[in-house]
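S.K.: Following this message is one structure expressed as structure tokens.
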Amino acid sequence: MPNSLIVFIHAVIIIGFTIRVIMMRRPVGVTLAWLILIFVLPLAGAIMYLLIGERHLGRQRVAREAALRVHYGQWLQNLPRNAVAD
């Protein structure tokens, strides 16, 4: 009975984190690296993904980042064309 429980937990970790990594829609190389880590070392890979795999900014920082992104976009549009190419 304990072996089947371990296999079940192993499968749940792999399936759950695989779905989570794919849903984040990161570049293909990053996604594959996380998936390989999770498939090879399910528990350690899952813990590493939770610790360093996603950015947890909080609401205030997300709002500030969105505002900065708008300002940077406007700034880039106002640059002379030859300055962007160099």
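S.K.: Looking only at the stretch 16-55, count how many residues are in contact with a helix residue (DSSP H, G or I) (Cβ under 7 Å, 6 or more places away or on another chain) and either in contact (Cβ under 8 Å) with a residue 40 or more places away in the chain or farther than 25 Å from Ile6 by Cα (or both).
M.R.: Total meeting the criteria: 1.
S.K.: Please work out if Leu5 is closer than 18 Å to Leu51 by Cα and not aromatic (Phe, Trp, Tyr).
M.R.: Values: closer than 18 Å to Leu51 by Cα: no; not aromatic (Phe, Trp, Tyr): yes.
Against the criterion (closer than 18 Å to Leu51 by Cα and not aromatic (Phe, Trp, Tyr)), Leu5 does not qualify.
S.K.: Taking the condition part of a helix (DSSP H, G or I) and modelled with pLDDT of 90 or more, does Ala46 pass?
M.R.: Values: part of a helix (DSSP H, G or I): yes; modelled with pLDDT of 90 or more: no.
Answer is no for this residue.
S.K.: For the stretch 20-43, name all the residues that are of a type outside the set (Gly, Ala, Ser) and either surrounded by fewer than 10 Cβ atoms within 10 Å (Cβ to Cβ) or not in a helix (DSSP H, G or I) (or both).
M.R.: Here is the first cut: in the stretch 20-43, the ones of a type outside the set (Gly, Ala, Ser) are 20-28, 30-32, 34-43.
Selection gives Met23, Met24, Arg25, Arg26, Pro27, Val28, Val40, Leu41.
S.K.: Next question. Report yes if some residue within the stretch 65-79 is surrounded by 11 or more Cβ atoms within 10 Å (Cβ to Cβ), modelled with pLDDT under 85 and under 18 Å from the mean Cα position of the chain (by Cα); otherwise report no.
M.R.: Looking through the stretch 65-79, at least one residue is surrounded by 11 or more Cβ atoms within 10 Å (Cβ to Cβ), modelled with pLDDT under 85 and under 18 Å from the mean Cα position of the chain (by Cα).
The values are calculated or read from the model by the stated rules, or taken from the named source; none is laboratory data. Note that the coordinates shown come from a computational prediction; the quantities given were computed from them, not determined experimentally. With ideal geometry, Cβ positions are generated from the backbone for all residues, glycine too; neighbour counts draw on all protein chains shown.
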